[in-house]
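Comments concern the structure below.
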Amino acid sequence: MTSGPDATGSDPVARAEELRSLIAHHNDLYHRLDTPQIADAEFDALVRELRSIEADHPDLAVPGSPTSAVGAAPSPLFAPVAHRVPMMSLDNAFSPEELQAWADRLAKQVAADTAFVCELKIDGLAISLTYRDGIFVQAATRGDGRTGEDVTANVATIAAVPSHLLPEAGTPPAIIEVRGEVYMPISAFEDLNRRQAEAGERLFVNPRNSAAGSLRQKDPSVTATRALSFWAYQVGELQGAPGGSRVGSDVDGGSSGRRNRDAGDGAALPDELTTDQSGTMDWMGRAGFPVNPERQVLHGLEEVLAFCSRWEVRRHDLDYEIDGVVVKVDDLALQRRLGSTSRAPRWAIAYKFPPEERSTELADIEVSIGRTGKATPFAVLKPVFVGGSTVSLATLHNEDQVRAKDVRPGDTVMVRKAGDVIPEVVGPVLVAGRPRPRAWKFPALCPVCEGPLVRLPGESDTFCTNLDCPGQRVQRIAHFASRSALDIEGLGEQRVQLLVDKGLLVDVADLYSFTPATFEGLEGFGPLSIANLLGAIDESRSKPLSRVLIGLGIRHLGQVGSLALARARGDLDAVISADEESLAAVEGVGPVIASSVVHWFASDVNRSVTERLGAAGVNMVEPGVDLIGGSAAVAQTLAGRSVVVSGTLEGFTREEAEGAILARGGKSPSTVSKKTYAVVVGVSPGASKVAKAEQLGVPMVDGAGFASLLETGELPAPG
Ligand code: IVH
């Protein structure tokens, strides 16, 4: 095939050249400088495009093309280390179909029941560790695959890297090179960024970059402070036991990098190291290396795909980041037969998960006004598809966060959306030599009412203090109508805004005097939608007191506190007449909420709103609460027990789950400790909570276990 313009009309020669220089540039930024400017998925897309041009125009596939290169040239900051067995990269599959295509290619050479090892693809940086006669002597980065960087002193500070092989693994080989991934646990990354923020230092973008930056330090004492860890997943160079002949060192540029034990004079290499990948992993575990426990030997693509999709869902259960699954042919002899291309083995493939990070343009930073007057800066983004949805807005929380992230309108920024977690602007993508846009300044005036915005000393939040601010009013009313409060369907923020703008709605009590005539001539209100809305308003009259308390929007009083208060006092009058001390004594309330509640009801304006709500027939009683001596009689199955909830549970909002624990006499703190009775693990739980529970041996229960826990207070039997 010749290299004329392709189907898209662009010149493939020019595009291939452009792609090559882009790829080389981003490779260097990622591998050598640890400052990527594009997300991994965007880099992968460039390589794929180039590979497809080279496939269509073989005359363009020049030697040395980045499609056949690995990593980046080593930095002159570190002494070079030649890899006697090249450190290769992996080919990627971005869909089940691509994985199938790989398996189909293999099927021509391997039996149908071939065993595969599926391992998690750790998102860290590849490292090679050399042990001579069982003693750690050298660590090197991958570099360009042939020459890496000597980072021995830095790696020696990582506690998870053994200084010598354990005797449980038998007589140590004369030389063994263990390869694996250095990574930073998510909890350590979050701690590190917390410390960086406190010190006013720039935040790290993600655990991988902070691991790479921490490892490739000129001063190993900096590495030592960085809580790095390690998973072993491969053996590189291998030579026989001391005194025996050399049996394994092999630079065939091809397969697993190892030969089977050749006869020689029978050096005592453990069978496991020369037979299969799964045995190699077991041996490395016995020798003292951390090997990831989630690996599995599987047969057939169906099992492999099930493993991949299971981990795609569960990836956030871990305290380390993974970006896919590595599928390897288990049998080492078969690996050698299959061999490799110039950059990657044919016996393995990386099944990549959909990207959770993307770069995009930060068009602007705006400020929204919440129902309490809190002014929250948020990023207006050029829409970007990331983590399974299109993101165009992302909160920036407060003024300090904007400063710590140092994001400026006009910047290219990295956006991250992990699982069900809300999207986050991670930080700017800086390009050396390119001038930055001007830093953003928090506005002095409320964007809605133009009243002053005030930030009190020692506080991180800024507020619009004008209680009549229409921005606050709209938010207060929309909150009252929201699902977690009075649940008035058909009354979203936009409609509230319209009704407030028209002067038809000043406070929440006005809702209950609405008639069909209220909406006359209003755009978007047909007869059916008016009837539905009035019906929903009428229905809201019978919601329990706890929902009304949520809807009033009393500062600090969330769903848990509202439920606790409603259950403890039974009706609104009993809440209003209680003194601060007795409210504070209610489990799940405490002094801060109690003081806020007392202040709220002390205001004549607020009292008049609640009186008008009562007069309009809004229920002010918590049903199902038998008050005995002023406190609720719900079976106290969790009395004195601490149950932590993590992730989303079917049938409960987070607050409802916590409320259910409180109502049964339990506590529901946000952190796991030795005293925690159980951790309830829903969908997308916090990795650090799960890791902590595992570490402390705290029992974990799922949604079904939670239901029985509430009912009986007992933990499900293990197994
Ligand atoms: S095996 C011939 N196993 O992914 C290369 N690699 O994108 C054999 N990685 O360079 C590598 N987890 O840095 C292997 N369980 C795992 C891995 C893994 C992460 C990294 C490794 C490799 C990169 C390729």
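The values are calculated or read from the model by the stated rules, or taken from the named source; none is laboratory data. Note that this is a predicted model, so its numbers are computed, not measured. Note: ideal-geometry Cβ built from the backbone for every residue, glycine included; neighbour counts use all protein chains shown. The accessibility values were calculated without ligands, DNA or RNA, using every heavy atom of the protein model including side chains. Shrake-Rupley method; radii C 1.70, N 1.55, O 1.52, S 1.80 Å.
Around Ile38, which amide H atoms from residues at least 5 apart in sequence, or from another chain, sit under 5 Å from its own amide H, with H modelled in the peptide plane?
Correct list: empty.
Among the aspartates and glutamates, select those whose C-alpha is under 20 Å from the C-alpha of Lys108, and discard any that sit fewer than 8 residues away in the same chain.
Asp91, Glu97, Glu98, Glu302, Glu303, Asp330, Asp331
State to the nearest 20 debye the size of the charge dipole of the range 327-434 about its Cα centre, where the only charges are +1 on K and R beta carbons and -1 on D and E beta carbons.
Values: 16 positive and 13 negative charges, 109 e Å.
Value, rounded to 20: 520 debye.
From the protein chains alone at 1.4 Å, what is the descending order of accessible area for Lys328, Lys441, Lys121, largest first?
Working: Lys328 15, Lys441 170, Lys121 40 Å².
Per-residue accessible area, sorted high to low, gives Lys441, Lys121, Lys328.
Taking +1 at the Cβ of each Lys and Arg and -1 at the Cβ of each Asp and Glu, which of Gln335, Gly433, Ile477 sits farthest along the dipole of the chain towards its positive end, judged by Cα position relative to the Cα centre?
Gly433
Compute the distance in nm between two label points, each set 7 Å from the Cα along the Cα-to-Cβ direction, one at Thr390 and one at Ala156.
Placing both labels 7 Å along Cα→Cβ, they lie 5.5 nm apart.
Under 17 Å Cα to Cα from Lys121, which lysines show up? Leave out anything in the same chain fewer than 8 places away.
Lys328, Lys352
Can you list residues from other chains, or at least 5 along the same chain, whose modelled amide H is less than 5 Å from the amide H of Asp91?
Ala350
Quick one: Cα centre-to-centre distance for the range 394-435 and the range 70-85, in angstrom?
Centre-to-centre (Cα) distance: 32 Å.
Can you tell me the orientation of helix 96-107 relative to the chain, as the angle in degrees between its alpha-carbon axis and the longest Cα principal axis, to the nearest 10?
20
Can you pull the accessible area of Trp440 for me, 1.4 Å probe, Å² to the nearest 10?
50
Can you tell me the 0 to 90 degree angle between the C-alpha axis of helix 12-27 and the longest principal axis of the chain, rounded to 10?
80
Any idea of Asp91's accessible area? Nearest 10 Å², probe 1.4 Å.
Roll a 1.4 Å probe over it and Asp91 shows about 50 Å².
Based on C-alpha coordinates, I'd like the Rg and Dmax of the chain, in Å.
Over the chain's Cα set, Rg and Dmax evaluate to 30.6, 100 Å.
For Phe385, which sequence-distant residues (separation of 5 or more, or a different chain) have an amide H within less than 5 Å of its own amide H, given hydrogens modelled in the peptide plane?
Result for Phe385 returns Val391.
Tell me which GluC sites (Glu not before Pro) from the range 126-210 have a DSSP coil assignment and no more than 16 other beta carbons within 10 Å of their own. Don't jump to the answer; show the numbers that get you there.
Numbers: sites: Glu149, Glu168, Glu177, Glu181, Glu190, Glu198, Glu201; in loops: Glu201.
Qualifying residues, ordered by number: Glu201.
Could you check the simple spin-label distance between Asp271 and Gln494, using points 7 Å along Cα→Cβ, in nm with one decimal?
Here the answer is 7.0 nm between the modelled labels.
Could you tell me which of Ile175, Thr671, Leu393 has its Cα farthest along the dipole of the chain towards the positive end, charges placed at Cβ (Lys, Arg +1; Asp, Glu -1), taken about the Cα centre?
Checked the options; the winner is Ile175.
May I ask for the angle, rounded to the nearest 10°, between helix 40-56 and the longest principal axis of the chain, with both axes built from Cα atoms and the value confined to 0 to 90°?
Once rounded, one gets 50 degrees.
With a 1.4 Å probe and every protein chain left in place, tell me how much accessible area Glu694 has, in Å² to the nearest 10.
130
Which order do Ser340, Ser68, Ser646, Ser221 take by accessible area at a 1.4 Å probe, largest first?
Working: Ser340 20, Ser68 45, Ser646 0, Ser221 70 Å².
The most accessible residue leads, giving Ser221, Ser68, Ser340, Ser646.
Which order do Lys543, Lys667, Lys675, Lys218 take by accessible area at a 1.4 Å probe, largest first?
On the way: Lys543 40, Lys667 100, Lys675 180, Lys218 135 Å².
Descending accessible area places them as Lys675, Lys218, Lys667, Lys543.
Calculate what fraction, in whole %, of the accessible area of the chain sits on carbon and sulfur atoms when a 1.4 Å probe is rolled over the protein chains.
Numbers: 17160 of 32650 Å².
Solvent-exposed carbon and sulfur of the chain make up 53 percent of the total.
I need the shape label for the range 1-144. Rule: rounded when a/c is under 1.5, else prolate if a/b > b/c, else oblate, with a, b, c from the alpha carbon gyration tensor. Spell out each step's value before the answer.
Values: a/c = 2.17, a/b = 1.27, b/c = 1.71.
It comes out oblate by the Cα gyration axes.
Return one whole number: the accessible area per residue of the chain in Å², for a 1.4 Å probe. Intermediate values should be presented prior to the final figure.
Numbers: 32650 Å² over 719 residues.
Per residue, the chain has an accessible area of 45 Å².
May I ask for the net charge around Val110, where only other residues with Cβ less than 13 Å from the Cβ of Val110 are counted and Lys, Arg are +1 while Asp, Glu are -1? Write down the numbers at each step before the final one.
Numbers: positive: Arg105, Lys108, Lys328, Arg336, Arg337, Arg346; negative: Asp104, Asp113, Asp330, Asp331.
Surrounding charge for Val110 is +2.
How large is the dipole of the chain about the Cα centre if only Lys and Arg carry +1 and Asp and Glu carry -1, each at its Cβ, rounded to the nearest 20 debye? Please list the in-between numbers first.
On the way: 70 positive and 94 negative charges, 250 e Å.
So the magnitude is around 1200 debye.
Choose one of Thr157, Ala574, Val592: the residue whose Cα lies farthest towards the positive end of the charge dipole of the chain (beta-carbon charges +1 Lys, Arg; -1 Asp, Glu; about the Cα centre).
Highest projection toward the positive end goes to Thr157.
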